[in-house]
Amino acid sequence: MSDNWGFIALFSLIALTVPIIGLLAAWLLRPHRPGPIKQTTYECGLETVGDTWLQFKVQYYLYALIFVLFDVETVFLYPWAVAYNKLGILALVEMFIFLAILAVGLAYAWRKGALEWV
Amino acid sequence: MIAMHFLQASVGWIRGLIAGQLGLAADALWVDLAIWLISALVILGVVQVGMLYATWLERKFLGRIQDRLGPNRVGIFGLLQPFADMVKMLTKEDITPAQAHRGVFNLGAILVVPPAIVVFAVVPVGIGLIATDLSVGFLFFISVASTAIIPIFMAGWGSRNKFAIIGAMRAVAQIVSYEIPQVLSVVGVLLLAGTLSTQGLTLAQGNGGAGDAIGYPGLWFVLIQPIAFVIFLLATTAEIERTPFDIPEAESEIIAGYHTEYSGLKFGLFQLSQYFMTIASAAMASILFFGGWLAPLPFLQRIGPLDLGWFWMGAKTIFFVLVFMWFRGTWPRLRSDQLMGFAWKVLVPLSLANLLMTGLIGYVTQSSTNLSGQPLLILLFFAVANALLLMATLWLIGWWRKNSERPRIRFEQAAAGELPPAEVAA
């Protein structure tokens, strides 16, 4: 098992060049004739009414909160799962208690209507 | 084992060759760099061609599902169609809306591609045939893949178009929500395999652990974790935003979602990234649940000294890509609230229950000496447990739903005229 993070760094750089080279090639090949009508915001043919950068709906924040909760949970679950064979019955029981607390949390959020998309 | 020695010898030979060409010692840093560069370019080439033909395959396959022929004009069977499309993308005029935030708009299109390519660094196609066998391979895959939501949101925000921003917000909510069942369902597999490395996960599905496993298929995880497999497949379909989970770009509602304003190659880059992610997810599904590059039967693993791992990995990946296309061809798109509800109210409880079950059964089967080394008994154990789990969880979900969910108050209020019209519209 060799953790070649150097390769990952190199590969990321190469991956980043792919869209850049593509866009450069397209820039050389494509026509460039902008116009005021062409550059309007794509909608139904009329000017956009009001600002686009509005406040978010609160529902997104509720989902984000539950997401953070469960994502942190998986951070704890992964090392546990990998070391599972060596940990024995006590770690299993502990993890069950941990999961039970989270399941109760999910059930609570469900009952409170936080999972309703309204 | 012979195949392994053969391969190690050939890797050593390549190292020697490169070192000879550069006039350096075989273990110099430059030799490593050269090998990295070659493997990066090989992966890029394979993936690029795979992507081009995935578009062709999708159009052909969907055409057949819908009783059409699909592309058949450019080249024989339309095989040159992807190249024609590429030329078209490159020569289309690029329009940036005057209102858009130019920097964020362009950066979104550029940054959406790299994560979808980098994930291929941890896809193994045979013993030793992996770009880099990270000990946290699967975690790397998930985390890099989920960074793709940042450029998607940049695209939606930077476009300054209402359809685009709605699409971007939906995309973030959806990807974030389906990430939970996706990672939770895999914990059961990780627990049985005891590793996060993609190579280790593949070998754990062979018979007898790393080294000896080559060519002796044991139990593929799909057999002992069928529920986890279904959860993973559905959550992955949502992660890569393919139908029926393509609400962020639902063309009947919000034009094209976050890439509404993009044209020419910038639009092409979003498509590119999506096809890369489709192939990568198909590869990951086959690594986790279908034994990766292991052959279904031992004698099919190699011909003489030639290891067929790459063939099996490719075949399984294409199979899963076709499954994703089949979903697209046959399922209608979900509604936004159904989509979020499905993730949190069905998939998350189910994957938690699956994890509990796997922990318990895994402990029983591993601690008892009668059971270890008896694949059929383990299989039976897991089959019964899976069936019981599915019934119990679905019943529990139904019961909790009936007891806890309030009736659709808002709709009733709206019908009675108790809400202001602006809120009803939202």
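Brief remarks on what is shown
- In the range A:44-60, the residues that are under 15 Å from B:R170 (Cα atoms) and more than 7 Å from chain B (Cβ to nearest Cβ) reach residues that are at pLDDT below 75 and surrounded by 10 or more Cβ atoms within 10 Å (Cβ to Cβ) with C-beta atoms within less than 8 angstrom, at least six apart or across chains, in these pairs: A:Q59/A:W117; A:Q59/A:V118.
- Residues within the range B:178-204 that are under 14 Å from the mean Cα position of the chain (by Cα), of a type in the set (V, I, T) and more than 8 Å from chain A (Cβ to nearest Cβ), tallied: 2
- Some residue of the range A:75-83 being surrounded by fewer than 17 Cβ atoms within 10 Å (Cβ to Cβ) and within 25 Å of B:A155 (Cα to Cα): no
- You will find that of A:I8, A:I20, the residue that is within 9 Å of chain B (Cβ to nearest Cβ), within 22 Å of the chain's Cα centre (by Cα), open to solvent by less than 80 Å² (accessible area, probe 1.4 Å) and not acidic (D, E) is A:I8 and no other.
- Qualifying residue in the range B:43-61 (condition: within 24 Å of the chain's Cα centre (by Cα) and polar (S, T, N, Q)): yes
- Residue within the range B:333-343 that is open to solvent by less than 30 Å² (accessible area, probe 1.4 Å), in contact with a Pro (Cβ under 7 Å, 6 or more places away or on another chain) and of a type in the set (G, A, S) present: yes
- Flag set for A:I37, criterion: more than 7 Å from chain B (Cβ to nearest Cβ) and assigned to a loop (DSSP other than H, G, I, E, B).
- Counted residues, the range B:307-334 - those being touching a residue at least 60 places away in the same chain (Cβ under 8 Å) and either in contact with a strand residue (DSSP E or B) (Cβ under 7 Å, 6 or more places away or on another chain) or outside any helix (DSSP H, G or I) (or both): 5
- Sub-9 Å Cβ pairs linking a first residue in the range B:228-245 that is not assigned by TED's automatic domain parsing to the domain that holds B:L190 to a second residue that is surrounded by fewer than 24 Cβ atoms within 10 Å (Cβ to Cβ), at least 6 apart or interchain, number zero.
- Residue count for the range B:47-78, restricted to those that are without any contact (Cβ under 8 Å) to a residue 24 or more places away in the chain and more than 14 Å from B:L272 (Cα to Cα): 16
The values are calculated or read from the model by the stated rules, or taken from the named source; none is laboratory data. Everything quoted here is computed from the prediction, not taken from an experiment. So basically every Cβ, Gly included, is an ideal-geometry build from the backbone, and we count neighbours across all protein chains shown. Accessible surface is based on the protein model in full, side chains and every heavy atom, while ligands, DNA and RNA are left aside. Shrake-Rupley method; radii C 1.70, N 1.55, O 1.52, S 1.80 Å.
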